[in-house]
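S.K.: Below you'll find the structure I mean.
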Amino acid sequence: MASSDELHKRRQAAVARGVGSTVTSYVDRAAGGTITDVEGREWIDFAAGIAVSNVGNAAPRVVAAVREQVERFTHTCFMVAPYESYVAVCEQLNALTPGGFEKRSALFNSGAEAVENAVKIARHATGRPAVVVFDHAYHGRTNLTMALTAKNMPYKHRFGPFAGEVYRVPMSYPLRDGGLDGATAAARAIETVEKQVGAENVAALLIEPIQGEGGFVVPAPGFLPALREWATATGAVFVADEIQTGFCRTGDWFACEHEGVEPDLVTLAKGIAGGLPLAAVTGRAELMDAVHVGGLGGTYGGNPVACAAALASIETMRELDLAAAARRIGSVMTSRLRAIAERDPRVAEVRGRGAMLAVEIVRPGTLTPDPTATAAVSAACHAAGLLTLTCGTYGNVLRFLPPLVISDDELARGLDILDAAFA
Ligand code: PLZ
C-alpha cells in the first residue's frame, strides 16, 4: 500500500489546492469509533467525518443494506422511475422530526442543496423574497448558501457576487454578548429584521439550533422559542438547519426538541445515512406541497443506495438508542472538559449538548480569541492519534463530535490524549 507521504505527493499533483484536509494521514479503513491509516496507525475519531458517522463508520446494518441494494439496482432516478425506499425515508423523516402536524419530505444530495431547496420552498409558499440568517451561521458553499454563511475566510473570499435578499442579524452568543438572556437577544434580532427588512417581506428565518462551523454556539434559553413565536405571528417560515445537530447528535433526535420548538421546515443531511450522501427538507405539508409538480428534484436526490443506508441508520439509532448514548457521551466528556477548563485559563467556556461539545480558547484573562493555541492543541491531538476539528468565526473553538457508538474505552483514551494535549 502507498504511504501517506506518497499519497500526499500524488494528491498535490492531482487534487485542486482549494480542497483542504485536517490531517495528512490517509485512511485505510474505519469502524465504529476508530480510523486506521495506511501506516496501520489507529486514530480515535472525535470528528465522525464532521458529524456524519453518528451510527459509527461502516456500521454493520448500513453495510448490509447498502450491499443488498447495490446488487438490486443502483440508480433509476426517482423522477423517472420511483422506488419504495425513497418513500420509506420520507415517511421516517416525517414521523421523526418535531411537530405533530402533517408533513412531506423531499430528498437531495448535500446539506447545501437541502438549504437551497428550503429557501425555494419558503419563497414559493409565501410569495416573499427575504431570508433572515444569523451572525456566525454556516449553511454551505453553493452561491446561495455562501450568501447565507457568515464567515468570509475560507468560505466566501473572492467567490462573490453572492445571491441577494439575504439579511444577517445578531445571534445569541452568551459568552460574547454579555450573557444577554434569550428573550432580549431575540428582541434585538427581531428589531433588526423589522427595521431593515420588514416582517412582511420575510420568506424564511433560517437558523441552526446550535451553530456548527460558526463555533458550536448554543443560544441562550428562550432565544429559539421567541424567534419561533415571531415567525408564527408574522407568517415567516421558520427553518431549522439541523444538518449538523440532527440524528441523535445532541441527545435528542433533533436539537429543536430541547426547547420544544417546532420548525415549519427542517434541513437534514450528514448523520442521516451513515456516511452516504443524502439530504432532505422535511416540513409542513401545506408549504412543501405548495410547489408545482417538477419544481423540486435533481438526478441523484434520494439515490436508492443512500436511501437504503438511511433506513438502516435510522433503525440503528432507534435500536441502540443513540440519543441516550449521546447524552451519556456528553456527561462523560463534559466533566473531563470542565476539569481541563478549571486548570487551564485559556479555556473560556465548555459548551454544547450531548455529543456535540466544544471548548472556546482565548488569551488568559480576556475574551480575545486565540486561534494559534487552538491549532496547537489540535495538532498535539493529531500527533498523539486523536482526530479533532476546530471551528468558530475566530478559529478558536476546538470541537468534539465522536461517533455515537464510540466505546467507553475509546472515549476515555481520546479524552486522555486531549488532556495531555492541553498540558
Ligand atoms: N448546514 C449546519 O454544518 C456542513 C461543512 C464543512 P454540505 N458543515 C460542514 C466544510 O468546510 O465544507 C453544513 C452544516 C450546516 C449546512 C451544511 C452544508 O452541508 O453537505 O457540506 O453541503
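S.K.: Magnitude of the Cβ-charge dipole of the chain, K/R +1 and D/E -1, about the Cα centre, nearest 20 debye?
M.R.: That gives a dipole near 920 debye.
S.K.: For residue 134, list long-range residues whose amide hydrogen, built 1.01 Å from N in the peptide plane, is under 5 Å from its own amide hydrogen.
M.R.: 169
S.K.: Moving on to the next point. What is the list of residues in the range 386-423 whose amide nitrogen lies under 12 Å from a point 7 angstrom out from the Cα of residue 332, following Cα to Cβ?
M.R.: 402-416
S.K.: If the elastic network links every pair of Cα atoms under 10 Å, which of 289, 181, 409 fluctuates the most in the Gaussian network model of the chain?
M.R.: In the Gaussian network model the winner is 409.
S.K.: Student exercise: in the chain, how many lysine pairs 8 or more apart or on different chains have Cα atoms under 24 Å apart?
M.R.: Lysine pairs meeting the criterion: 8.
S.K.: Measuring with a 1.4 Å probe in the full set of protein chains, what accessible area per residue, in whole Å², belongs to the chain?
M.R.: On a per-residue basis, the chain sits at 41 Å².
S.K.: If you don't mind, another one. State, as an integer percentage, the relative contact order of the chain based on alpha-carbon contacts under 8 Å between residues 6 or more apart.
M.R.: 22 percent
S.K.: Work out from phi, with θ = phi - 60° and the Karplus expression 6.51 cos²θ - 1.76 cosθ + 1.60, the ³J(HN,Hα) of each residue of the range 164-177, listed in order in whole Hz, and give x for Gly and Pro.
M.R.: Rounded to whole hertz, the list is x, 6, 10, 10, 9, 10, x, 8, 7, 9, x, 5, 10, 10.
S.K.: So, in nm, how far is label residue 372 from label residue 318 when the simple model puts each one 7 Å beyond its Cα toward the Cβ?
M.R.: Using points 7 Å along Cα→Cβ, the separation is 5.3 nm.
S.K.: Further question: Within the chain, what whole-number % of the accessible surface is contributed by carbon and sulfur, with the 1.4 Å probe and all protein chains included in the calculation?
M.R.: Looking at the chain in its full context, I get 53 percent from C and S.
S.K.: Amide H neighbours of residue 139 under 5 Å, counting only residues 5+ apart in sequence or on other chains, H built in-plane at 1.01 Å?
M.R.: For residue 139, whose amide H was placed from the backbone, the distant partners under 5 Å are 149, 150.
S.K.: So, one more: With a length cut of 24 Å (Cα positions projected on each helix's long axis) and a Kyte-Doolittle mean of at least 0.0, go through the chain and give me the DSSP H helices that pass.
M.R.: 322-343
S.K.: Still on this structure, I have one more. Along the Cα→Cβ direction, 7 angstrom out, place labels at residue 408 and residue 187. What is the inter-label distance in nm?
M.R.: Taking the simple label geometry, residue 408 and residue 187 are separated by 4.8 nm.
S.K.: Name the residue, out of 261, 87, 293, whose mean-square fluctuation peaks in a Gaussian network model built on the chain with Cα pairs under 10 Å.
M.R.: 293
S.K.: Given an 8 Å cut-off on Cα distances and at least 6 residues of separation, report the relative contact order of the range 267-317 as a percent.
M.R.: The value is 46 percent.
S.K.: When the Karplus curve 6.51 cos²θ - 1.76 cosθ + 1.60 is applied with θ = phi - 60°, which whole-Hz ³J(HN,Hα) does each residue of the range 22-39 get, with x for Gly and Pro?
M.R.: 5, 10, 9, 7, 9, 7, 9, 7, 8, 8, x, x, 10, 10, 10, 8, 5, 7
S.K.: Using alpha carbons only, how many angstrom separate the centre of the range 112-146 from the centre of the range 74-94?
M.R.: The range 112-146 and the range 74-94 have Cα centres spaced 24 Å from each other.
S.K.: Where both residues lie in the chain, what percent of DSSP beta bridges are antiparallel, nearest 5?
M.R.: 65 percent
S.K.: Next question. Amide H to amide H under 5 Å from residue 30: which residues, 5+ apart in sequence or cross-chain, H placed 1.01 Å off N in plane?
M.R.: When sequence neighbours closer than 5 places are left aside, the close amide H contacts are 36.
The values are calculated or read from the model by the stated rules, or taken from the named source; none is laboratory data. It should be emphasised that the depicted structure is a prediction, and the values quoted were computed from it without experimental measurement. All Cβ positions, glycine included, derive from the backbone under ideal geometry; neighbour counts span all protein chains shown. Side chains included, ligands, DNA and RNA excluded: accessible areas come from the protein's heavy atoms. Shrake-Rupley method; radii C 1.70, N 1.55, O 1.52, S 1.80 Å.
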